[in-house]
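All remarks here apply to the structure that follows.
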Amino acid sequence: MDKQEMDPHVKTGLYGTPEINPDEQHHYLGNFRERIYVLQTRETAGENRYMKAWEQQLHAHPDAVLYLNGHLNKNVLDQYIELAAKQQAKFTLKSDAIYDQSDVVAVLAAHSAVHQEPVSIEDTIDSSETSSSQKDEKKPWYKRLFS
């Protein structure tokens, strides 16, 4: 008997519940890419300059859930949990073994698709710094001297 001919209930029992895009869900801490407002990678986790951006994102999206990689250092993880508590945001720790190898450590996700760009918290900080420096350049020369 071939896998295709097997009863669906038997297949589920033998092979587990089928998942849609399992690699994508494992990368984004159990979420689909189109549901993500913003995420942060392991290399910048816990840096203070990003915590202000997280505070703004949590305030801007009160209906979202903050997913945290449970394999983070306890001190870093506590920073995110305190921030979520301060903003009264929902959060979930993901501590399955598959997330230990993920470079994503924090994800702010909606319950349905939002299709938002840019997704990385690093990109949102860089773009806001760039836009503020561009605003300074657009001022007349005499106003730049006195500011």
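Of all the accessible heavy-atom surface of region 1-45, with the other protein chains kept in place and a 1.4 Å probe, what percent is carbon and sulfur?
Working: 1520 of 3090 Å².
C and S atoms contribute 49 percent here.
With Cβ to Cβ distances under 9 Å as the rule, what net charge do the other residues near His27 carry (K, R +1; D, E -1)?
On the way: positive: Arg33; negative: Asp23, Glu24, Asp103.
Local net charge: -2.
Rounding to the nearest 20 debye, state how big the charge dipole of region 1-90 is about its Cα centre with +1 on each Lys and Arg Cβ and -1 on each Asp and Glu Cβ. Show your work: numbers first, answer last.
Details: 10 positive and 13 negative charges, 80 e Å.
Computed charge dipole of region 1-90: roughly 380 debye.
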Between beta-carbons, use under 15 Å as the cut-off and find the net charge around Leu66, counting Lys and Arg +1, Asp and Glu -1.
0
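Which of the GluC sites (Glu not before Pro) found in region 1-101 are in a DSSP loop and have at most 12 neighbouring Cβ atoms, other than their own, within 10 Å?
Working: sites: Glu5, Glu19, Glu24, Glu34, Glu43, Glu47, Glu55, Glu82; in loops: Glu5, Glu19, Glu47.
Taking region 1-101 and a limit of 12 other Cβ atoms within 10 Å, the loop GluC sites (Glu not before Pro) found are Glu5, Glu19.
Using a 1.4 Å probe, what is the accessible area per residue for region 44-94, in Å²?
Per residue, region 44-94 has 56 Å² of solvent-accessible surface.
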How large is the convex hull of the Cα atoms of region 1-90 per residue, expressed in Å³ as a whole number?
139 Å³
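Test of the criteria: in region 19-52, which trypsin sites (Lys or Arg not before Pro) are in a DSSP loop and have at most 15 other Cβ atoms within 10 angstrom of their Cβ?
On the way: sites: Arg33, Arg35, Arg42, Arg49, Lys52; in loops: none.
When the trypsin sites (Lys or Arg not before Pro) of region 19-52 are filtered for loop state and at most 15 Cβ neighbours within 10 Å, nothing remains.
The values are calculated or read from the model by the stated rules, or taken from the named source; none is laboratory data. Everything numeric in this text was worked out from a predicted model, so none of it was measured. Don't worry about glycine lacking a Cβ; one is built from the backbone with ideal geometry, like all the others, and counts go over all protein chains shown. Just the protein is used for accessible areas: all its heavy atoms, side chains included, with ligands, DNA and RNA removed. Shrake-Rupley method; radii C 1.70, N 1.55, O 1.52, S 1.80 Å.
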